[in-house]
1. Each residue of the stretch 70-82 in order: what ³J(HN,Hα) in whole Hz does its phi give by Karplus 6.51 cos²θ - 1.76 cosθ + 1.60, θ = phi - 60°, with x for Gly and Pro?
2. Based only on other Cβ atoms within 10 Å, what is the fewest-to-most ordering of Glu60, Glu36?
3. By the gyration tensor of its Cα atoms, with a ≥ b ≥ c the square roots of the eigenvalues, what is the shape of the stretch 66-176: rounded for a/c under 1.5, prolate for a/b over b/c, or oblate?
4. How about the stretch 105-176: which GluC sites (Glu not before Pro) there are in a DSSP loop, with at most 14 other Cβ atoms within 10 Å of their Cβ?
5. Considering the convex hull of the alpha carbon atoms of the stretch 44-128, report its projected area averaged over all viewing directions, in nm², one decimal.
6. Kindly write out, for the stretch 50-65 in residue order, the coupling ³J(HN,Hα) from the Karplus curve 6.51 cos²θ - 1.76 cosθ + 1.60 (θ = phi - 60°), rounded to whole Hz, with x marking Gly and Pro.
7. Quote the FRET efficiency, to the nearest 0.05, computed for Asp164 versus Met95 with a Förster distance R0 of 25 Å and r equal to the Cβ-Cβ distance.
8. List the pairs from Lys74/Lys152; Lys86/Lys125; Lys86/Lys167; Lys125/Lys152 whose alpha-carbon separation is above 26 Å, in the order I gave them.
Amino acid sequence: MTRRKLLLTSAAGLVIIGLTTLSVGPGHAAGDDEDEGVLIRLLGSAKVSLQQALVTSEREGLPISGKFEAEDGKLQLSIYTAKDGKFFEVIVDHMTGEISKVEPITEGDDLEHAEAQKAAMDRAKVTLAAAVAKAKGYGARIIVVSAVPALKNGQPTASLGFLDGEKLSVVTEPLD
């Protein structure tokens, strides 16, 4: 797998060997250079930032991860939340900022990832929205496309995927 594909995978919130220990799960794979181009092209149409979506999703629980993704050729903004011991995928309309769908996460890899992300956020002193806001300081053209928390050596961190112009990159921010 090429470095470019790994960066795309991170931007989509998937498992990245060597960059993060968590993923958002199956059905979220971007896969190849063509998909990366689609995601980059679609991001230009978003009127709502990941940070705004994380704040909006708080109505449905604690945001534990979030990402933009290309789903069937369309841009989607997905936030995982935790509330009362349950997990949900909250879809935020990337044009209006309104919640368009909330689905429970009850099984499989998505549930495992949500549980691990919640464990990281339970130790965090910084919200994902605040970590994303900090990443915006890396440059004027930055679009943060994913925020996935993990515990690294017992410390909460967030892998933040971002688009800077036409380049996808990843940075790890401490959450404590």
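Quick note: the coordinates plus some simple rules give every number you see, no bench work behind them. Everything numeric in this text was worked out from a predicted model, so none of it was measured. Every residue, glycine among them, receives a Cβ derived from its backbone with ideal geometry; neighbour counts consider all protein chains shown.
1. 8, 10, 6, x, 10, 7, 10, 10, 10, 10, 8, 10, 10
2. Numbers: Glu60 18, Glu36 21.
Ordered from fewest to most neighbouring Cβ atoms within 10 Å, Glu60, Glu36 come out as Glu60, Glu36.
3. Values: a/c = 1.84, a/b = 1.08, b/c = 1.72.
It is oblate, given that a/c is not under 1.5 and a/b is not larger than b/c.
4. Qualifying residues, ordered by number: Glu107, Glu166.
5. Values: hull surface 22.5 nm².
Over all viewing directions, the stretch 44-128 projects a mean Cα-hull area of 5.6 nm².
6. Karplus-based 3J(HN,Hα) across the stretch 50-65 equals 4, 4, 4, 5, 4, 5, 4, 5, 4, 4, 9, x, 6, x, 10, 5 Hz.
7. Details: r = 23 Å, r/R0 = 0.91.
Here the calculated transfer efficiency is 0.65.
8. Table pairs above 26 Å Cα-Cα are Lys74/Lys152; Lys86/Lys167.
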